[in-house]
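**Student:** Dropping the structure in here first, questions after.
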Amino acid sequence: MSELLNNPVWQRVDESHAFLSRVVTEHSPAAWVALLSGGHDSVCACHLASLHPDAPKPFQVYHIDTGISSEYTRQYVEDRCKQFGWNLNVVRSEKADDTYEAFVRRNGMPGPGMHMFVYNRIKERAIQRLSMDLKRGQRPVMFVTGCRRQESQRRMGYAVAVR
């Protein structure tokens, strides 16, 4: 049993939980928002957060429906939520012009230089609305994501643990 507990994986779980505890203590978030995109990193982040002793029960996860994901991704997200007993909340854009299709109709197919504009329209606005809906007074909302600096050169420039 001690070999299992000394496994580096469990040490990383302990480090992650200590980090979450520190954030909760320092910022007293109004809500935990675990974002589940369907990628492996977001599944791991949601799972780690859901196992934290202070995590809200039942554990809520949020999937941003951008209108461009595949049926396979939606099914995968639903399956993981059933597997782990998480409540799935699907967030869609409120405005008809905040969809990928509307963006393409207006601006044409976006190239790499347009990524931030598309992201802002179809994802960031939904996240901002979610934050406003869950915020209580001046207390912040804690977003748990699978975003890693090591994932790409681009993300190294902006991925921070707490913002």
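The values are calculated or read from the model by the stated rules, or taken from the named source; none is laboratory data. Treat the numbers as computed from the prediction; the structure is a model and nothing was measured. Just the protein is used for accessible areas: all its heavy atoms, side chains included, with ligands, DNA and RNA removed. Shrake-Rupley method; radii C 1.70, N 1.55, O 1.52, S 1.80 Å.
**Student:** Which value, in Å² and to the nearest 10, is the accessible area of Lys123 when all protein chains are kept and the probe is 1.4 Å?
**Tutor:** Approximately 60 Å² of Lys123 is accessible to the 1.4 Å probe.
**Student:** When Rg is the radius of gyration of the Cα atoms in the stretch 65-135 and Rh is its Kirkwood radius, what does Rg/Rh come to?
**Tutor:** Computed over Cα atoms, the ratio is 1.03.
**Student:** Let me ask another. If I compute solvent accessible area with a 1.4 Å probe over the protein chains, what percent of it on the stretch 1-119 is carbon and sulfur?
**Tutor:** 57 percent
**Student:** Residues with amide H under 5 Å of Val141's amide H, sequence separation 5 or more or different chain, H placed in the peptide plane at 1.01 Å from N; which?
**Tutor:** Ala30
**Student:** Quick query: amide H of Phe59 versus all other amide H atoms, modeled in the peptide plane; which residues come in under 5 Å with a sequence gap of 5 or more or a different chain?
**Tutor:** Long-range HN contacts for Phe59: Asn87.
**Student:** Ok, one more. Where does each of Cys147, Cys44 land when they are ordered by accessible area, with a 1.4 Å probe and the largest first?
**Tutor:** The ordering from most to least exposed comes out as Cys44, Cys147.
**Student:** For Lys57 and Glu101 in the same chain, what is the full-extension length gain: residue separation times 0.36 nm, less their Cα-Cα distance, in nm?
**Tutor:** Contour length minus Cα-Cα distance gives 12.2 nm.
**Student:** His27 to His115: extension gain in nm, 0.36 nm per residue of separation minus the Cα-Cα distance?
**Tutor:** 28.6 nm
**Student:** Assuming 0.36 nm per residue, please report the length gained on full extension of the stretch Glu124 to Asp41 beyond their Cα-Cα distance.
**Tutor:** So the extension gain works out to 28.0 nm.
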